[in-house]
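Step one of this worksheet: look at the structure below.
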Amino acid sequence: VSFVVSILYWFVRRRWMETAKAFHQAYEKLGASNAWIRAINQSSPMAIFTTDQDGCCTYANDTFVASFGYSIGELSGAGWRHLLRPDDVDLKSDSILSLLDVKSRFGGLTRVICKNGDIKWVRIKVNPMEYVMHDASASGYVGVIDDVTNEHLSGMERDRFFDMAADLVVISDL
């Protein structure tokens, strides 16, 4: 009996050691993977954020905080709505919240207000976590925001120039 118990003990201990070693290796890989993702996230020139399934902000990277001036605490929950211009609040909040109900991808061009009062034009793209992670049990959203203020203002200047040029052509024809 003692011999059988010794063999069982050895077998269980060996299996436990193999499992513990595999767990440790997986844990190290996960840590390296998380460090890699954090490094990419923090060095990204784009603002990156996550929300829960109700659209409440749960994370914003350093670029997000630096770009708009709001702390992560100010953005948490529904605090991201501080970013929307008052003219856009009803339109954007309602359309965003309706898209959250159907777990849809969405994005577009909009204006935001920085904490210091500056207005920026941004292109936003948001995806459901289940789409990004290929996991139906994942909830919430991940999004990126790109500051396109300079490009947008340049386009407006270009359009204004062409409008003025068209007016000059009409005047010269008279």
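The values are calculated or read from the model by the stated rules, or taken from the named source; none is laboratory data. Note that the coordinates shown come from a computational prediction; the quantities given were computed from them, not determined experimentally. In this analysis, Cβ positions are derived from the backbone assuming ideal geometry, glycine residues included, and neighbour counts consider all displayed protein chains. Note: areas computed on protein heavy atoms with side chains; ligands, DNA, RNA excluded. Shrake-Rupley method; radii C 1.70, N 1.55, O 1.52, S 1.80 Å.
At-a-glance table
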| read-out | value |
| --- | --- |
| Members of region 92-118 that are modelled with pLDDT under 70 and in contact with a Gly (Cβ under 8 Å, 6 or more places away or on another chain) | Ile96, Leu97, Leu100 |
| Selection status of Gly143, at pLDDT 75 or above and surrounded by 10 or more Cβ atoms within 10 Å (Cβ to Cβ) | yes |
| Inter-residue pairs, beta-carbon under 9 Å, first on the phi > 0 side of the Ramachandran plot and in region 33-56, second open to solvent by less than 30 Å² (accessible area, probe 1.4 Å) and modelled with pLDDT of 80 or more, 6+ apart | Gly55/Gly140; Gly55/Tyr141 |
